[in-house]
Structures are given as structure tokens and as C-alpha cells.
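The values are calculated or read from the model by the stated rules, or taken from the named source; none is laboratory data. The shown structure was predicted, so the numbers you read here are calculated from the model rather than taken from an experiment. Because the Cβ atoms are built from the backbone with ideal geometry, glycine has one as well, and the counts that use them run over all protein chains shown. Protein only, heavy atoms only, side chains kept; ligands, DNA and RNA dropped before computing areas. Shrake-Rupley method; radii C 1.70, N 1.55, O 1.52, S 1.80 Å.
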Amino acid sequence: KEAAARIYATTDAQRGALRRVADEEGYTTFVIPDDVGGRFSVFTPVGLLPIAAAGIDVAALLDGAVAMRGTASVDDVERNPALRYAQLRDALYRSGRQIEVLASFHPPLTYVAEWWKQLFGESEGKNGKGIFPASVSNTTDLHSMGQYIQDGERRLFETFLFSETAGPDIEVPSSVDDTDGLNFLAGSSFAEVNANALRGTALAHREGGVPNATILLPGITAESIGALLYFFETAVALGGYALGVNPFDQPGV
């Protein structure tokens, strides 16, 4: 009886195994809307309950999404970043770029990229169409996948996720004898080093024949992540319609 008071379930309103168990055991439940697919469910209890349990500010997350909803409703490509991103992806796809690599330079964004792959793969990959979504975590993957991006097949393009204000404000120390040859970095913050790694990567890959763009976040906060998630959800809907597919079903799953 005590366990039942500590368990919360997100489930269908009427049917399913978890609904039956929750009703029998008396669990508190939160309902998943019938008309929201799993990959779009982050702003339903499916996403919000664990986000809240993790101690993240759900209200701020939703504030960010609401703000982006207003921005992403503007019928002007210069003022609507979701529309601009969707148009860029569509133009690159029609020019023969069939793979998009989402490259994050911050460990906290790694699982945003994992969600992004499901969102775009399930939404666009239909009827023999769609951009294949892949992701890398930089700077770690510059020594592995970076080789392919630099010198492999030229059928891909790259989107960077970056925030110049993210990370600890720690300066690189100097070494008396400079045995590692890295004293040229002394006095720079880790955030500055990371920003220059992004710039160098973007330049090298562009010179290597890989078009790339950067999604620049004002910070890695609940509000900015809420805006980013809504941005991607809007962009993938626009992209699906541009391809001539339904971005909200998943017949091949």
C-alpha cells in the first residue's frame, strides 16, 4: 500500500497494460494525449514528469517553448529560425545532401541529439524519401567520426549545437617548462577553448566540402532547451510537408 502511494504512471486514458495495473494498484496517473506521437511527447507528462523529478524547472522549459511558438509562427524566413532551418535542410537535400550530422559541443546536449535523431528519422523517413539523421559529440568525436566528415563521402551536411556561455568558467593554467606545448592556451577559459574548437571544426569541414550551420543557444538552461525542442518539432513538421510526407505518422515502426 505504501509503494502504491509512491508510484506515478504516465499511460493511456482508457486502455493498455499499464492502465490496468495502475487502476488495480491505485497508482496516481498522468494521461498521454491520444493525438501526440511519442517523439513529440516531451511537452506532455511523458517528458514533463521525469524532467520535474530530475529537479529541472518545468515552468521555465514551457516558457521557452511558448516563446519559440510565437517566433516559429512568423511567416518571414529572416525572423523565423525554424522556417529558415527547414528551408536550408530542404535545399541541401534537393542538391544531393542525404545525411545530416548534428554535432554538439556540450555533453549536456548529447541526449537532445539522441531525441533529435528519433524526431527527424521517424517524421521524414517515408516513401523512399528523407534525410538520414546522425549525431556526434564533439570534441570527442573529432578523432573518430571527424575523419569521415572531413574526408568521406560528400553526401552530408552538418548542423552544430553550441552555447558560448555554457560550461565552467575555469582558466587553463600555465606550465613552468611548457612540456605539453599548451602554454599558448594559458589564461583562456574552457568555454573559449571550446568555442575555438567549434570555429576550427566548422572551417575545416566547410573547406573539406561539407556545408554547415550553427544553432547558437543563449545558454544551456531549461528555458533555452524548451525553445530548442519546440524549434526542432516545428522544423521537422515543415520539412516533412516539403518532402510530401506526413511528419506525424510512423507506418514503418
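A few comments on the model shown:
- Residue ID - farthest from the chain's Cα centre (by Cα), chosen from residues in region 90-100 that are charged (D, E, K, R) and not in a loop (DSSP other than H, G, I, E, B): Arg94
- For region 214-225, a residue qualifies if it is under 19 Å from Glu114 (Cα atoms) and either outside any helix (DSSP H, G or I) or at pLDDT below 95 (or both), and the qualifying residues are Thr214, Ile215, Leu216, Leu217, Ile220, Thr221.
- Of residues in region 42-75 being open to solvent by 70 Å² or more (accessible area, probe 1.4 Å), among the hydrophobic types (A, V, I, L, M, F, W, C) and within 18 Å of the chain's Cα centre (by Cα), the one farthest from Glu114 (Cα to Cα): Val66
- Selection from region 151-210 of residues that are among the acidic types (Asp, Glu) and either touching a Pro at 6+ places or on another chain (Cβ under 9 Å) or within 30 Å of Phe132 (Cβ to Cβ) (or both): Asp151, Glu153, Glu158, Glu164, Glu207
- Contact map, region 44-57: residues that are modelled with pLDDT of 95 or more and of a type in the set (D, E, K, R) paired with residues that are assigned to a helix (DSSP H, G or I) and open to solvent by less than 70 Å² (accessible area, probe 1.4 Å), Cβ distance under 6 Å, separation 6+ or inter-chain. Pairs shown: Asp57/Ala222.
- Candidates Val210, Val236, filtered to the one that is at pLDDT 95 or above, touching a helix residue (DSSP H, G or I) at 6+ places or on another chain (Cβ under 8 Å) and not in a helix (DSSP H, G or I): Val210
- Flag if Ala9 is free of Cβ contacts under 8 Å to residues at least 24 places away in the same chain, within 31 Å of the chain's Cα centre (by Cα) and open to solvent by 60 Å² or more (accessible area, probe 1.4 Å): no
Listed here are the residues, each with its yes/no results for (1) open to solvent by 40 Å² or more (accessible area, probe 1.4 Å); (2) within 19 Å of Lys117 (Cα to Cα); (3) within 22 Å of the chain's Cα centre (by Cα).
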{"residue": "Gln150", "(1), (2), (3)": "yes, no, no"}
{"residue": "Phe157", "(1), (2), (3)": "no, yes, yes"}
{"residue": "Phe162", "(1), (2), (3)": "no, yes, yes"}
{"residue": "Asp169", "(1), (2), (3)": "yes, no, no"}
{"residue": "Val172", "(1), (2), (3)": "no, no, no"}
{"residue": "Asp178", "(1), (2), (3)": "yes, no, no"}
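- Checklist (1) more than 30 Å from Leu61 (Cα to Cα); (2) open to solvent by less than 40 Å² (accessible area, probe 1.4 Å); (3) assigned to a helix (DSSP H, G or I); (4) not small (Gly, Ala, Ser) applied to Leu228, failing item: (1)
- In region 206-220 there is at least one residue that is more than 21 Å from the chain's Cα centre (by Cα), touching a residue at least 24 places away in the same chain (Cβ under 8 Å) and open to solvent by less than 50 Å² (accessible area, probe 1.4 Å).
- Test set (1) open to solvent by less than 30 Å² (accessible area, probe 1.4 Å); (2) part of a helix (DSSP H, G or I) - Ala103 fails condition number: (2)
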